[in-house]
Amino acid sequence: MNENNENKLAAGTVIASVLVLIWVLGSIAGAVISAKTKKIWLMLIILGQFFMFMGIFSIRDMLQKKEKDLWFGAIFVLVGIGCIAYGIYMKIG
């Protein structure tokens, strides 16, 4: 019975890893395409969400490991929010 739970956990980890890989590659491709089409505001929003979620993942991992250096993840989150806000500001005017 315990082996069945381990197999489900391993399958879930593989699925989550593939989804994150697709998200990372899609974010990079979207940022490059938007930069080539001169939509800098969109590139900033895409890069902002990338940085923000990487910071959130970093903070979540540090909290699970009971580490106290959350400033690294917080910097990524703040940079991401700043990029998103400036991209929206560029678009709206």
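The values are calculated or read from the model by the stated rules, or taken from the named source; none is laboratory data. Model, not experiment: these values are computed from the prediction. As a convention, Cβ positions derive from the backbone with ideal geometry for all residues, glycine included, and neighbour counts pool all protein chains shown. Only protein heavy atoms, including side chains, enter the accessible area calculation; ligands, DNA and RNA are left aside. Shrake-Rupley method; radii C 1.70, N 1.55, O 1.52, S 1.80 Å.
Structure values in brief
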item: Tally, over region 9-38, of residues that are of a type outside the set (A, V, I, L, M) and open to solvent by 50 Å² or more (accessible area, probe 1.4 Å); result: 6
item: Members of region 57-80 found to be in contact with a helix residue (DSSP H, G or I) (Cβ under 6 Å, 6 or more places away or on another chain) and within 19 Å of V24 (Cα to Cα), listed by number; result: S58, I59, G73, F76, V77, V79, G80
item: Residue in region 44-52 that is assigned to a helix (DSSP H, G or I) and open to solvent by 80 Å² or more (accessible area, probe 1.4 Å) present; result: no
item: Within region 53-78, considering residues that are in contact (Cβ under 8 Å) with a residue 24 or more places away in the chain and open to solvent by less than 70 Å² (accessible area, probe 1.4 Å), the one nearest to the chain's Cα centre (by Cα); result: G55
